[in-house]
Amino acid sequence: MCKKGTVADLCNYKITTRSVKETKKLGEKIGTCLQAEIVLALIGDLGSGKTSFVQGLARGLEVPNDYYITSPSYTMINEYPGRHPLFHIDLYRLEDPVDFEDIGLYDILGDNYVVAIEWAGKIRQELLPDHVTIKFIISGDESREIYMSAHGANAVNLLKEIKNRST
Ligand SMILES: Nc1ncnc2c1ncn2[C@@H]1O[C@H](COP(=O)(O)OP(=O)(O)OP(=O)(O)O)[C@@H](O)[C@H]1O
Ligand SMILES: [Mg+2]
């Protein structure tokens, strides 16, 4: 787990995107980096870019192009085949905070899963498995500040890889 201090650099990363295309590219890059089971906890206001990011992520995970990725606001969970199975979750309609277990995911997750959760602030974070929290801030009509923080060894490795590929 990351603490403030020497390892903080490994655990945090900020990037600004200046178009929806750039946000999708970021998602795609992360999708291509993914090696291990990981949860991406997406946080941010309506229209901040969470679904756009997941669309890029799906591309990076080689989800076939004929799947159109849209917010599963009503179904709550969508599953897509890819290099890793992608579970896309949207908790917008949940009224009360839940535990990760409550979503019933442990029953359906196999190996090597990737889970992207919109409105992940509704889950009690301390109970999440290895995850990267990705926070989207609307900083202009076309710009978004995106803050990532890693929690757990798999997440730290992922963030390191993303940073390496960005420099
Ligand atoms: N830099 C940017 N990154 C992402 N989206 C952007 C950016 N600039 C403008 N946009 C626009 O913002 C909107 C983002 O919508 P998107 O559905 O991805 O947001 P969301 O966070 O999933 O919202 P919701 O909480 O309603 O599900 C799109 O209309 C997109 O074109
Ligand atoms: Mg969305």
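The values are calculated or read from the model by the stated rules, or taken from the named source; none is laboratory data. Source: prediction; values computed, not measured. Please note: Cβ atoms are built from the backbone with ideal geometry, for glycine as well, and neighbour counts cover all protein chains shown.
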Quiz item: Applying the selection to region 106-121, what residues are under 22 Å from Gly44 (Cα atoms) and part of a helix (DSSP H, G or I)?
Solution: Ala120, Gly121
Quiz item: Within the group Ile162, Ile137, Ile146, which residue is closer than 20 Å to Val20 by Cα and in a helix (DSSP H, G or I)?
Solution: Ile162
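Results for (1) part of a strand (DSSP E or B); (2) within 12 Å of ligand 2 (Cβ to nearest atom); (3) at pLDDT below 95; (4) under 12 Å from the mean Cα position of the chain (by Cα), shown as yes or no for each residue.
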| site | (1), (2), (3), (4) |
| --- | --- |
| Thr32 | no, no, yes, no |
| Ile43 | yes, yes, no, yes |
| Ser48 | no, yes, no, no |
| Gln55 | no, yes, no, yes |
| Ala58 | no, no, no, yes |
| Val63 | no, no, no, no |
| Asn78 | yes, yes, yes, no |
Exercise. Give the residue, chosen from Glu145, Glu101, Glu118, that is more than 16 Å from ligand 2 (Cβ to nearest atom) and either under 17 Å from the mean Cα position of the chain (by Cα) or closer than 24 Å to Asn12 by Cβ (or both).
Key: Glu145
Practice problem: State yes or no: is Ile69 part of a strand (DSSP E or B) and among the β-branched types (Val, Ile, Thr)? | Solution: no
Quiz item: Is there any pair with a first residue in region 82-101 that is closer than 23 Å to Glu37 by Cβ and β-branched (Val, Ile, Thr) and a second that is modelled with pLDDT under 85 and not in a strand (DSSP E or B) whose Cβ atoms are under 8 Å apart and which are 6 or more apart or on different chains, and what are they?
Solution: Ile89/Pro72; Ile89/Met76; Ile89/Ile103; Ile89/Leu105; Val98/Arg124
